[in-house]
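Below is one structure, written out as C-alpha cells; the observations come after it.
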Amino acid sequence: GTGAHDDATGVGVITAAAKLIGESKRRPQRTIRVVFYANEEFGLSGAKAYAASRGDSIERHVLGLESDLGAFRPYGLRARVAPDRLSLVRSIQSVLEPLGIAYHGTEASGGADVGQLRELGVPVVDIVADAAPYFDLHHTANDTFDKVDPGLLRLNVAAFAATAYLAADADGGFGRVPVASKPAQ
C-alpha cells in the first residue's frame, strides 16, 4: 500500500500539531523539537543515531512523545515520568478528557523510536489509541489513504498538539526516569 497509516498519518499528525503550536498566540516556555525517524522496521537506526548524537544534551530533553500507530481513536494517556511529576501528567490528561482520553497509568514505553530516548532517562508519554484496525492494514496493500478517517485524524492532531504544548509549557519539567542498564559485553 501507500503507507497511509504506517507512517503517513504519524508524520501528518505531528506536522499539523507543530503547525498549530507554532501559530498559537502564546508560545510555550520550551522549544518543541520535531524529529522524523527512519528505519524503524529494520533496526531503528534513525532513532539510535538521534539518541547517540545528543550526548550530554540529552538532559535538556524534557519529554518524548511519538505518533506511530496510525490515526485511530485515541482513548488513553500513559506516562513514565519522575513520580513527583505525575501531577503534571494528570493535569495534561484532564485537558484531554473532553476528547475521550482517560489516564492509563505509568507504564509508557515512548514507542519504538522515542523509547531509545527513554532508555537514556528521558521521560515519555504515550497517547494510547485503538490499534486493532492498524494491524489489519499494517504492511499490507490495503494501507491506503481511503482508510484514513478525517475526523479521527483531527482528533489525533488535537491530542498531540495539546499534549506537546502543555508539556513544553509545564513548570519544572518531568524529571528523569531510570536509565536502562547496558547488557554485559
How do the helices (runs of 4 or more DSSP H) wholly within region 109-185 filter down when requiring 1 or more residues that are modelled with pLDDT of 90 or more and over 22 Å from Tyr50 (Cα atoms): which remain?
150-169
Of the residues that sit in region 89-100 and are of a type in the set (A, V, I, L, M, F, W, C) and surrounded by fewer than 19 Cβ atoms within 10 Å (Cβ to Cβ), which one is farthest from Leu166 (Cα to Cα)?
Leu99
Give the residues of region 73-88 that are in a strand (DSSP E or B) and either open to solvent by less than 40 Å² (accessible area, probe 1.4 Å) or modelled with pLDDT under 95 (or both), sorted by residue number.
Pro74, Gly76, Leu77, Ala79
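This table checks each residue for (1) part of a helix (DSSP H, G or I); (2) closer than 28 Å to Asp136 by Cβ.
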position	(1), (2)
Phe36	no, yes
Gly43	no, yes
Ala47	yes, yes
Tyr50	yes, no
Gly55	yes, no
Ile58	yes, no
Val62	no, no
Asp68	no, yes
Ala71	no, yes
Within region 63-72, tally of residues that are of a type in the set (A, V, I, L, M), open to solvent by 20 Å² or more (accessible area, probe 1.4 Å) and closer than 20 Å to Ala131 by Cα
2
I'm checking my understanding of the structure. Among residues of region 21-50 that are in contact with a Phe, Trp or Tyr (Cβ under 8 Å, 6 or more places away or on another chain) and closer than 22 Å to Phe72 by Cα, which one is surrounded by the fewest Cβ atoms within 10 Å (Cβ to Cβ)?
Val35
Please work out which one of (1) crowded, with 17+ Cβ neighbours inside 10 Å; (2) closer than 22 Å to Ala18 by Cβ is the condition Arg60 fails and give its number.
(1)
Looking at (1) within 19 Å of Tyr165 (Cα to Cα); (2) loosely packed, with under 15 Cβ neighbours inside 10 Å, which one does Glu107 not meet, given that it meets all the others?
(1)
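The values are calculated or read from the model by the stated rules, or taken from the named source; none is laboratory data. Keep in mind the model is a prediction, meaning the values are calculated, not measured. All Cβ positions, glycine included, derive from the backbone under ideal geometry; neighbour counts span all protein chains shown. Ligands, DNA and RNA are excluded from the accessible area calculation, which covers all protein heavy atoms including side chains. Shrake-Rupley method; radii C 1.70, N 1.55, O 1.52, S 1.80 Å.
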